[in-house]
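**Student:** Just passing along the structure, written as structure tokens.
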Amino acid sequence: MIDPKAFLEFIKERRSIRAFLNKPIPEEEVEMILEAGRWAPSASNRQPWNFVCIKNKDVLKELARVTGYGYFIADASFAVAIVGKPTISGNWYVVDTSLVSMNMMLMAWSLGIGTCWIGSMDKEKAKQILGLAKNDYLLTVLPFGYIQGNVPEPTYRHPLKNIIREI
Ligand SMILES: Cc1cc2nc3c(=O)[nH]c(=O)nc-3n(C[C@H](O)[C@H](O)[C@H](O)COP(=O)(O)O)c2cc1C
């Protein structure tokens, strides 16, 4: 088991990273990130997802062109498209794949690998680039790479007292 206080600090220290070193990531670490995704919880354990692991630089550049504030995916060592399957779990595929994403982001952080959820993306164009089926749901494409430069300053969070109501 992980030390709880260290784990909370770890969660607080994670930052979205948007600049990556041009340095390959060992296959074992790639697999650990994918594995962390695979172990996410899902409603009725339906696991309504699959992942596209993108290592081809040309594809990363193509994806960068269909993002807004996600251009940095072009510099990623690899990226993972997290694909939800509405046909497997119609009510929960968005929630379940979001949990996958968080698991992958935290796993990456523990390895000193940066990532950032890219929401600013033309998903229909990205689906075409990735060869996804019409009814596949593209949650996001997470770019991964070793962190270039300094880790950004902590981002603001509302104080607990503002968001908690005790009954
Ligand atoms: C659903 C979602 C969509 C996001 N979309 C983008 C995006 O398109 N581009 C980007 O640079 N960051 C994006 N982010 C990252 C957020 O800006 C970031 O998580 C937030 O500012 C808090 O910073 P932190 O992750 O460093 O704590 C997104 C995050 C989430 C959860």
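**Student:** Mind checking which residues of the range 104-130 are closer than 16 Å to Phe51 by Cα and more than 14 Å from the ligand (Cβ to nearest atom)?
**Tutor:** Result: Met107, Lys127, Gln128, Ile129, Leu130.
**Student:** In the range 134-159, which residues are part of a strand (DSSP E or B), within 13 Å of the ligand (Cβ to nearest atom) and within 19 Å of Met107 (Cα to Cα)?
**Tutor:** Looking only at the range 134-159, we keep the residues that are part of a strand (DSSP E or B), and these are 137-147.
Subsequent filtering for residues that are within 13 Å of the ligand (Cβ to nearest atom) retains 138-143, 147.
The answer is Leu139, Thr140, Val141, Leu142, Pro143, Ile147.
**Student:** Restricting the range 1-46 to residues that are of a type in the set (Asp, Glu) and within 16 Å of the ligand (Cβ to nearest atom), which is nearest to the chain's Cα centre (by Cα)?
**Tutor:** Of all residues in the range 1-46, those of a type in the set (Asp, Glu) come to 3, 9, 13, 27-29, 31, 35.
Checking the rest, the ones that are also within 16 Å of the ligand (Cβ to nearest atom) come to 9, 13.
On the way: Glu9: 20, Glu13: 16 Å.
Step by step, filter the range 1-46, then rank; the result is Glu13.
**Student:** Let me ask another. Please go through the range 32-61 and give me each residue that is more than 18 Å from Tyr93 (Cα to Cα) and touching a Pro at 6+ places or on another chain (Cβ under 8 Å), ordered by number.
**Tutor:** At the first step, the residues of the range 32-61 found to be more than 18 Å from Tyr93 (Cα to Cα) are 32-33, 35, 53-61.
Correct list: Leu60 only.
Yes/no matrix, rows are residues, columns are (1) of a type in the set (Val, Ile, Thr); (2) within 17 Å of Lys12 (Cα to Cα); (3) free of Cβ contacts under 8 Å to residues at least 12 places away in the same chain:
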site: Lys55; (1), (2), (3): no, no, no
site: Tyr71; (1), (2), (3): no, no, yes
site: Ala74; (1), (2), (3): no, no, no
site: Ile88; (1), (2), (3): yes, no, no
site: Met107; (1), (2), (3): no, yes, no
site: Thr115; (1), (2), (3): yes, yes, no
site: Leu130; (1), (2), (3): no, no, no
site: Pro152; (1), (2), (3): no, yes, no
site: Arg157; (1), (2), (3): no, yes, yes
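**Student:** Mind checking whether some residue in the range 69-78 is away from the ligand (no atom under 11 Å from the Cβ) and more than 12 Å from Pro143 (Cα to Cα)? Walk me through it before giving the result.
**Tutor:** Taking the range 69-78 as the starting set, the residues that turn out to be away from the ligand (no atom under 11 Å from the Cβ) are 74-78.
Within this subset, residues satisfying the condition of being more than 12 Å from Pro143 (Cα to Cα) are none.
No; the residues of the range 69-78 include none that is away from the ligand (no atom under 11 Å from the Cβ) and more than 12 Å from Pro143 (Cα to Cα).
**Student:** Against the definition (modelled with pLDDT of 95 or more and surrounded by 13 or more Cβ atoms within 10 Å (Cβ to Cβ)), how does Tyr137 come out, yes or no? Walk me through how you get there before you give the answer.
**Tutor:** Values: modelled with pLDDT of 95 or more: yes; surrounded by 13 or more Cβ atoms within 10 Å (Cβ to Cβ): yes.
Against the criterion (modelled with pLDDT of 95 or more and surrounded by 13 or more Cβ atoms within 10 Å (Cβ to Cβ)), Tyr137 qualifies.
**Student:** In this structure, does Val100 turn out to be more than 14 Å from Leu142 (Cβ to Cβ), within 14 Å of the ligand (Cβ to nearest atom) and of a type in the set (A, V, I, L, M)?
**Tutor:** Working: more than 14 Å from Leu142 (Cβ to Cβ): no; within 14 Å of the ligand (Cβ to nearest atom): yes; of a type in the set (A, V, I, L, M): yes.
When the stated conditions are applied, Val100 does not pass them.
**Student:** How many of the residues in the range 140-165 are open to solvent by less than 50 Å² (accessible area, probe 1.4 Å) and either closer than 30 Å to Thr87 by Cβ or of a type in the set (S, T, N, Q) (or both)?
**Tutor:** Residues meeting the conditions: 5.
**Student:** What are the pairs, 6+ residues apart or on separate chains, where a residue within the range 15-27 that is closer than 14 Å to Ala108 by Cβ and in contact (Cβ under 8 Å) with a residue 12 or more places away in the chain has its Cβ under 6 Å from a residue that is in a loop (DSSP other than H, G, I, E, B) and within 16 Å of the ligand (Cβ to nearest atom)?
**Tutor:** What qualifies is Arg15/Val151; Arg15/Pro152; Ser16/Cys116; Ile17/Cys116; Arg18/Cys116; Phe20/Ala76; Phe20/Gln148; Leu21/Gln148.
The values are calculated or read from the model by the stated rules, or taken from the named source; none is laboratory data. Values in this document were obtained by computation on a predicted structure and should not be read as measured data. Because the Cβ atoms are built from the backbone with ideal geometry, glycine has one as well, and the counts that use them run over all protein chains shown. Only protein heavy atoms, including side chains, enter the accessible area calculation; ligands, DNA and RNA are left aside. Shrake-Rupley method; radii C 1.70, N 1.55, O 1.52, S 1.80 Å.
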